[in-house]
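I have placed the structure first, in the form of structure tokens, so that the comments after it can refer back to it.
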Amino acid sequence: MAYEPGRGDSLPPSGTTVAFTAKLSIDDSYPCNSGVLKFVNVLTNEGGSYSPDTGVFTCPVDGLYHFTVHVSVYGRGQCAIFKNGEKVVSLYHTSLPDKCSQVASMSCVVKLSKQDEVWVNNFGPGRNDIFATDDNDTVFVGFRLG
């Protein structure tokens, strides 16, 4: 079926696959500063739009995108998905007073234009108990819908 403007289809099919999954490195656990959380262990980066060096996804083609973050928390953890410097969704999780390992998640669907940037922002000291081990992953996943 061909794309027909005015039928309710918001985007023409482009044939462009954009998808990534990246994991937090064990060495980057319990980040000391607030700011971009870098997921340097890239499992998939179809389209090459996620940068493990910066932790930022740069949109290669207009469309609707789905992002998910699963964070392992041991204490207090707070982070958010940001688009172009503005918070889209956030989470705060505490496993206190028992201080056990738990997983918190957030996701969203966002309309992006080419060159828009999306990343996970950590909130820093007191809320930085986000970690990764051989048995507990913290991951950032994104893909283009349609």
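The values are calculated or read from the model by the stated rules, or taken from the named source; none is laboratory data. This structure is a prediction, so every number in the text was calculated from the model and none was measured. For neighbour counting, all protein chains shown are included, and Cβ atoms are generated from backbone atoms with ideal geometry for every residue, glycine included. Ligands, DNA and RNA are stripped out before the accessible areas are found, and what is left, the full protein with its side chains, is counted by its heavy atoms. Shrake-Rupley method; radii C 1.70, N 1.55, O 1.52, S 1.80 Å.
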Notebook entry, point to check: For segment 116-125, how many residues meet the condition of being assigned to a loop (DSSP other than H, G, I, E, B) and open to solvent by less than 50 Å² (accessible area, probe 1.4 Å)?
Noted result: 2
Checklist line | Residues within segment 91-115 that are polar (S, T, N, Q) and either in contact with a helix residue (DSSP H, G or I) (Cβ under 7 Å, 6 or more places away or on another chain) or open to solvent by less than 50 Å² (accessible area, probe 1.4 Å) (or both), tallied | finding: 1
Notebook entry, point to check: Taking segment 1-27 only, how many residues are of a type in the set (D, E, K, R) and modelled with pLDDT of 95 or more?
Noted result: 2
Margin query: It is to be established whether one or more residues within segment 30-49 are open to solvent by less than 20 Å² (accessible area, probe 1.4 Å), more than 17 Å from Leu91 (Cβ to Cβ), assigned to a strand (DSSP E or B) and not basic (Lys, Arg).
Written below: no
Notebook entry, point to check: Mind checking which pairs have a first residue in segment 66-88 that is assigned to a strand (DSSP E or B) and of a type in the set (D, E, K, R) and a second that is buried (at least 17 other Cβ atoms within 10 Å of the Cβ) and at pLDDT 95 or above, Cβ under 6 Å, 6 or more apart or different chains?
Noted result: Lys83/Val110; Lys83/Val118; Lys87/Ala80
Checklist line | Residue count for segment 131-146, restricted to those that are within 14 Å of the chain's Cα centre (by Cα) and either surrounded by fewer than 20 Cβ atoms within 10 Å (Cβ to Cβ) or more than 17 Å from Thr16 (Cβ to Cβ) (or both) | finding: 6
